[in-house]
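Peer 1: The structure that follows is given in the form of structure tokens.
Each value in this text was obtained by applying a stated rule to the coordinates, not by laboratory testing. Predicted model, so just to flag it, every value in this text is computed and none were measured. Counting neighbours? That spans all protein chains shown, and the Cβs are built from the backbone with ideal geometry, glycine included.
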Amino acid sequence: MEKKTVSVKKVLPHASPNITYETVLTTKSSNGVVNAAPIGVKFLDEELSCFLLRIYKKSRTYNNLLETRVGVVNITRNPIVFIKYLLRDKKRYLEREIEDALNVDAPKLKDAEAYIEFTVESVHHRINLGEFYCLAVNAYEGVKTAQPYSRAEYALVELSVNISRVEPYLEQGLDLSELLNSIAYCLKVIDKTAAKTVIEDYSRLLLSSLSDHSSLLLKRHLSRLGIHLQ
């Protein structure tokens, strides 16, 4: 029997295919352990019902999706959410900020702006990551918030995405220079456009998501550019 999908376009009318959107993915292992992590979603069709997730193999999200084949894409513009779910110690947030999804056996964030519940239809295994091709089975709105545009908030999201790539880059032996320069640029934007405590508070949290070795490499690079993190 042909599987029924839903039109995500009705919930996200301004989104487009072939563009990667930063989201928070919530999943659950086969024995019930939940997880949330920032993941880019690339829609593949005009109705946004089919999409691609490219996920590093050593992550909990990768293992959870292989085991259960379902999850939830949480749409949010709150940069703090992206930062919190990069942390190694994310359990304290998960315990109070998630609830069951409506149609799939997976968790979702309580206060996201929109949700896409999905099934994994196929997985293509690459050397360091898996490409998960997914179908939306439910899409609906969550908590809507109206707020003015802030360069600092979007720089925080970009900062969190870039820092999440540091460990995989090191594991694969990739050149870090461009990535570290992007992190430095984000920090400079935040410094110009946000309260001075923002970099201190959130860069400390983000650095705690890295190993001691990675954190030291990042600090040294930033220090050479005149950016000093504690």
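Peer 1: Can you give the alpha-carbon Rg of the range 151-224 over 2.2 N^0.38 Å, where N counts its residues?
Peer 2: 1.04
Peer 1: At a 10 Å Cβ-Cβ cut-off, how would you order Cys134, Cys50, fewest neighbours first?
Peer 2: Arranged by neighbour count, lowest to highest, Cys134, Cys50 become Cys50, Cys134.
Peer 1: Still on this structure: Could you work out the relative contact order of the range 151-224, using alpha carbon pairs under 8 angstrom and six or more residues apart, expressed as a whole percent?
Peer 2: Reported as a whole number, the value is 38 percent.
Peer 1: Over the chain, what number does the Rg to Rh ratio reach, with both radii from the alpha-carbon atoms and Rh per Kirkwood?
Peer 2: Across the chain, the Cα-based Rg/Rh ratio is 0.97.
Peer 1: How many percent of all Cα-Cα pairs in the range 8-141 sit more than 27 Å apart?
Peer 2: The calculated P(r) of the range 8-141 puts 10 percent of pairs beyond 27 Å.
Peer 1: Equivalent-ellipsoid semi-axes (√(5λ), Cα gyration tensor) for the range 103-230, whole Å, largest first?
Peer 2: 31, 23, 12
Peer 1: Can you list the HN-Hα couplings for the range 58-67, worked out from phi with the Karplus curve (6.51, -1.76, 1.60; θ = phi - 60°), rounded to whole Hz and with x for Gly and Pro?
Peer 2: Calculated HN-Hα couplings, in order: 7, 8, 5, 4, 4, 5, 4, 5, 5, 6 Hz.
Peer 1: Between exposed GluC sites (Glu not before Pro) in the chain, where DSSP calls loop and at most 16 other Cβ atoms lie within 10 Å, what's the longest gap?
Peer 2: 48-230
Peer 1: Next question, about the same structure. Could you please rank Thr27, Thr61, Thr119, placing first whichever residue has the fewest other Cβ atoms within 10 Å of its Cβ?
Peer 2: Least crowded to most crowded, the residues run Thr119, Thr61, Thr27.
Peer 1: Still on this structure, please answer the following. Cα to Cα, under 16 Å, and not fewer than 8 places away if on the same chain: which aspartates and glutamates meet these conditions relative to Lys42?
Peer 2: Output for Lys42: Glu22, Glu117, Glu121, Glu131.
Peer 1: Oh, and also: Applying the Karplus parametrisation 6.51 cos²θ - 1.76 cosθ + 1.60 with θ = phi - 60° to the phi angles of the range 212-224, what ³J(HN,Hα) value in whole Hz is obtained for each residue in order, glycine and proline being reported as x?
Peer 2: 4, 5, 5, 4, 5, 4, 5, 4, 5, 5, 5, 4, 5
Peer 1: Ok, one more. Taking other Cβ within 10 Å of each residue's Cβ, how do Val11, Val123 sort, fewest first?
Peer 2: Val123, Val11
Peer 1: Using θ = phi - 60° and the Karplus form 6.51 cos²θ - 1.76 cosθ + 1.60, what ³J(HN,Hα) does each residue of the range 171-185 get, whole Hz, x for Gly and Pro?
Peer 2: Result, rounded to whole Hz: 5, 8, x, 7, 5, 8, 4, 5, 5, 5, 5, 5, 4, 4, 4.
Peer 1: On to the next question. Per DSSP H run of n ≥ 4, the term is -39500 (n - 2.57); total these for the chain, divide by its residue number, and report the mean residue ellipticity at 222 nm rounded to 500 deg cm²/dmol.
Peer 2: The per-residue figure over the chain is -11000 deg cm²/dmol.
Peer 1: Once amide H atoms are placed 1.01 Å from N in the peptide plane, what residues at a sequence separation of 5 or more from Glu121, or on another chain, have their amide H within under 5 Å of its amide H?
Peer 2: The list, which skips near neighbours in sequence, is Tyr133, Cys134, Leu135.
Peer 1: How big is the gap, in Å, between the Cα center of the range 201-221 and the Cα center of the range 111-134?
Peer 2: Here the answer is 28 Å between Cα centres.
Peer 1: Next question, about the same structure. In degrees between 0 and 90, to the nearest 10, how far off the longest principal axis of the chain does helix 196-207 point, with axes built from Cα atoms?
Peer 2: 70
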